[in-house]
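See below for the structure under consideration.
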Amino acid sequence: GLISSSTGEGISFALRSALALSNAFGYSDVSSKYVELSKPLVNEVGEKIIKASLLSKASSRALVFNRLLSK
């Protein structure tokens, strides 16, 4: 159920999440191991949420693009 808020991408996150779950099955506490193994993926989605919220604001976009254009 993880979807990138900035790109709408979801299949790669689903596949990576499935891989983390399959790797967790070799441990006695599957749930805890899955949480541990999927933490980098969850962090990545969190970063994309922050990016999307910044890019959705006109003031943030103007600041970023003005800096890029002034270089």
| message | Given the options Ser17, Ser60, Ser38, Ser12, name the one that is polar (S, T, N, Q), open to solvent by less than 50 Å² (accessible area, probe 1.4 Å) and in contact (Cβ under 8 Å) with a residue 24 or more places away in the chain. | response | Ser17
| remark: When segment 28-71 is checked residue by residue, the ones that are out of contact with any helix residue (DSSP H, G or I) (no Cβ under 6 Å at 6 or more places or on another chain) and among the β-branched types (Val, Ile, Thr) are Val35, Val42, Val45, Ile49, Ile50, Val64
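Do any helices (runs of 4 or more DSSP H) entirely within the chain hold 2 or more residues that are touching a Cys at 6+ places or on another chain (Cβ under 8 Å), of a type in the set (Phe, Trp, Tyr) and at pLDDT 80 or above, and if so, which? Break it down into steps so the answer makes sense when it comes.
On the way: elements: 11-24, 30-55, 58-69.
In the chain, there are no helices (runs of 4 or more DSSP H) which contain 2 or more residues that are touching a Cys at 6+ places or on another chain (Cβ under 8 Å), of a type in the set (Phe, Trp, Tyr) and at pLDDT 80 or above.
The values are calculated or read from the model by the stated rules, or taken from the named source; none is laboratory data. Everything quoted here is computed from the prediction, not taken from an experiment. Glycine also receives a Cβ, built like all others from the backbone with ideal geometry; neighbour counts cover every protein chain displayed. Side chains included, ligands, DNA and RNA excluded: accessible areas come from the protein's heavy atoms. Shrake-Rupley method; radii C 1.70, N 1.55, O 1.52, S 1.80 Å.
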